[in-house]
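Every read-out reported here was derived from the displayed coordinates using simple, explicitly stated rules and does not represent laboratory data. Computed from a prediction, not measured in an experiment: that's the story for all the values here. No Cβ is skipped: glycine too gets one built from the backbone with ideal geometry, and neighbour counts run over all protein chains shown.
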Amino acid sequence: MKLATLDTGGLGRPAVLIDGDTALDLTLAADTVPAARLVPGSVRGILAAGDDGLDAVRRTVDAADANRDRLRETGALRPFADAPLLPPIPDPNLILSEGLNYRRHLEEMSGTPTPPNPTAFVKAASSLNGSGKPIPVPPQCPDMIDFEGEFTFVVGRRCHNVPVEDAMSHIGGYTICNDVSARDWVGEVFAAEAKFGIIQAWERNIMGKQLPGFTPCGPVMVTADEIADPHDLQLTTTLNGEVVQSTKTDDLIFGVAEILSYFSRWYRFEPGDLFTTGSPAGVGFGRDPKLFMKPGDRIEVEVEGIGRLSNTLAG
């Protein structure tokens, strides 16, 4: 299934895609389809309910076929392309972003060495943004805004200290994020020499990823059962229609199970938590000459089997 969150104010309403191009509002559907009354009121809630939550969505979809005319009349059924969207999970408890995780990306970033263990940083929930929404240009750092299309997994079950062989059973699904980054502070990282200077420079670099709207996510979350192998997917990022990133997820250094297992030693993950798996090669900062986004630019990230995340830099 492909689940989404419709932007209806506040934290929105959960929806499911039907026939690939139609959104069924699972909250509005409850007036017509009794099965929908058992669907939790958010995508995070659906995941937290486990099999019962997903089964309630499936029963609603099955019952919707016989009620399509009525569902259209009430607005519960609408073209997905016209639907305003929030991130699929607009209210995660935790967002973690893996860094240094694509081999070819490390090569383009001045030959950054392969880390011995996964490495990640926390992202602010205020940086989340929906597909189709503008990415704000921060007036304090408007000139070096970069793109990082990232394949992202969504936690489906609460877990802590999970063995790697059990980790995949805790994955609820997959989505797409763009780890938009103000690169103004990256130069400090490569120039720093003293130990604490390096630490401070890295921290400032990470803060360039925390700005409001700098984590577009979506358009949907695909349930884990629909992705046979998360390490064999094509990821393509385009800027104004030109391909700037193109890779298969088999270039990942650390896979989904390794990432979740490793960080679960410290974090307790909850249903709906997001984990971006790192950016592939092609980012603007790694190019010669460098390529940064400007107001009006359209940035799109497509991942095979999931969909296309599309945003425009605010003009």
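What residues from the range 296-315 fall in the zone where the backbone N is under 16 Å from a label point 7 Å along the Cα-to-C-beta line of residue 243?
So the set is 300-305.
Using Cβ counts within 10 Å as a stand-in for footprinting exposure, how do 294, 133 rank, fewest first? Present the calculation step by step, with values, prior to reporting the outcome.
On the way: 294 13, 133 20.
Ranked by crowding around the Cβ, least crowded first: 294, 133.
Report the extension gain between residue 11 and residue 158 in nm, rounded to one decimal, defined as 0.36 nm multiplied by the number of residues separating them, less their alpha carbon distance.
Answer, rounded to one decimal: 50.8 nm.
Where in the range 145-187 is the amide nitrogen less than 17 Å from a point lying 7 Å along the Cα-to-Cβ axis of residue 204?
145, 182-187
Tell me, what ³J(HN,Hα) does each residue in the range 296-310 have, in order and in whole Hz, if you take phi through Karplus 6.51 cos²θ - 1.76 cosθ + 1.60 with θ = phi - 60° and put x for Gly and Pro?
Per-residue couplings from phi come out as x, 5, 10, 10, 10, 10, 10, 10, 3, x, 10, x, 10, 8, 10 Hz.
Assuming 0.36 nm per residue, please report the length gained on full extension of the stretch residue 107 to residue 251 beyond their Cα-Cα distance.
On the way: separation 144, 0.36 × 144 = 51.84 nm, distance 1.22 nm.
Here the answer is 50.6 nm.
³J(HN,Hα) across the range 191-201 via Karplus (A = 6.51, B = -1.76, C = 1.60, θ = phi - 60°), whole Hz, x for Gly/Pro?
Once θ is set to phi - 60°, the couplings for the range 191-201 become 8, 5, 10, 5, 3, 6, x, 5, 4, 5, 5 Hz.
Please compute the contact order of the chain in relative form: average sequence separation of alpha-carbon pairs under 8 Å and at least six residues apart, divided by the residue count, as a percent.
That works out to 24 percent.
Can you give the three extents of the C-alpha atoms in the range 9-145 along their principal axes, from longest to shortest, in whole Å?
58, 36, 25
With the cut-off at 21 Å, report for the range 2-86 the share of all Cα pairs above it, as a whole percent.
Details: 650 of 3570 pairs.
Beyond 21 Å sits 18 percent of the P(r) for the range 2-86.
Just the Cα atoms of the chain, one point each, no solvent: what log10 I(q)/I(0) does Debye give at q = 0.08, 0.13 Å⁻¹?
-0.35, -0.91
Highest mean first, how do 167-173, 24-30, 56-62 rank when packing is the count of other Cβ atoms within 10 Å averaged over residues?
Working: 167-173: 20.3, 24-30: 23.0, 56-62: 18.0.
Per-residue Cβ counts within 10 Å, averaged per peptide and sorted highest first, yield 24-30, 167-173, 56-62.
Calculate one ³J(HN,Hα) per residue across the range 29-42 by plugging θ = phi - 60° into the Karplus curve 6.51 cos²θ - 1.76 cosθ + 1.60, and present them in order as whole Hz with x for glycine and proline.
For the range 29-42, the Karplus-derived couplings read 5, 4, 6, 10, 10, x, 4, 5, 5, 9, 7, x, x, 7 Hz, x marking Gly and Pro.
Counting only Cα, what are the radius of gyration and maximum Cα-Cα distance Dmax of the range 246-315, in Å?
15.7, 43
When the helix-only estimate is applied to the chain (DSSP H runs of n ≥ 4, each -39,500 (n - 2.57), divided by the residue count), what is the mean residue ellipticity at 222 nm, nearest 500 deg cm²/dmol? If you can, show how the numbers build up before the last one.
On the way: 7 runs with 60 residues, N = 315.
My calculation for the chain gives -5500 deg cm²/dmol from helical runs alone.
Going by average Cβ neighbours within 10 Å, how do the peptides 134-145, 113-124, 297-308 rank, with the highest at the top? If you can, show how the numbers build up before the last one.
Numbers: 134-145: 15.3, 113-124: 13.8, 297-308: 19.7.
Top to bottom by mean Cβ count within 10 Å: 297-308, 134-145, 113-124.
Around residue 248, what is the net charge, scoring Lys/Arg as +1 and Asp/Glu as -1 over all other residues with Cβ under 10 Å from its Cβ? Walk me through the numbers before you get to the answer.
Values: positive: none; negative: 232, 250, 251, 304.
Surrounding charge for residue 248 is -4.
What's the extension gain from residue 62 to residue 140 if we count 0.36 nm per residue and subtract their Cα-Cα distance?
Extra length available between residue 62 and residue 140 comes to 23.0 nm.
Highest mean first, what order results for 81-91, 262-272 on Cβ atoms within 10 Å? The partial results should precede the final answer.
On the way: 81-91: 20.7, 262-272: 17.9.
Per-residue Cβ counts within 10 Å, averaged per peptide and sorted highest first, yield 81-91, 262-272.
Can you give the net charge of the other residues whose Cβ lies under 9 Å from the Cβ of residue 160, counting K and R as +1 and D and E as -1? Before the final figure, lay out the partial values.
Numbers: positive: 158, 265, 268; negative: none.
Combined, the nearby Lys, Arg, Asp and Glu give +3.
What number, in nm² with one decimal, is the all-direction average of the projected area of the convex hull of the alpha-carbon atoms of the range 83-199?
Details: hull surface 39.7 nm².
Computing the convex hull of the Cα atoms and averaging its projections yields 9.9 nm².
Between residue 26 and residues 5 or more places away or on another chain, which pairs have amide H atoms under 5 Å apart, with H built 1.01 Å from N, and which residues are they?
Counting only residues 5 or more places away or on other chains, the set is 15, 16.
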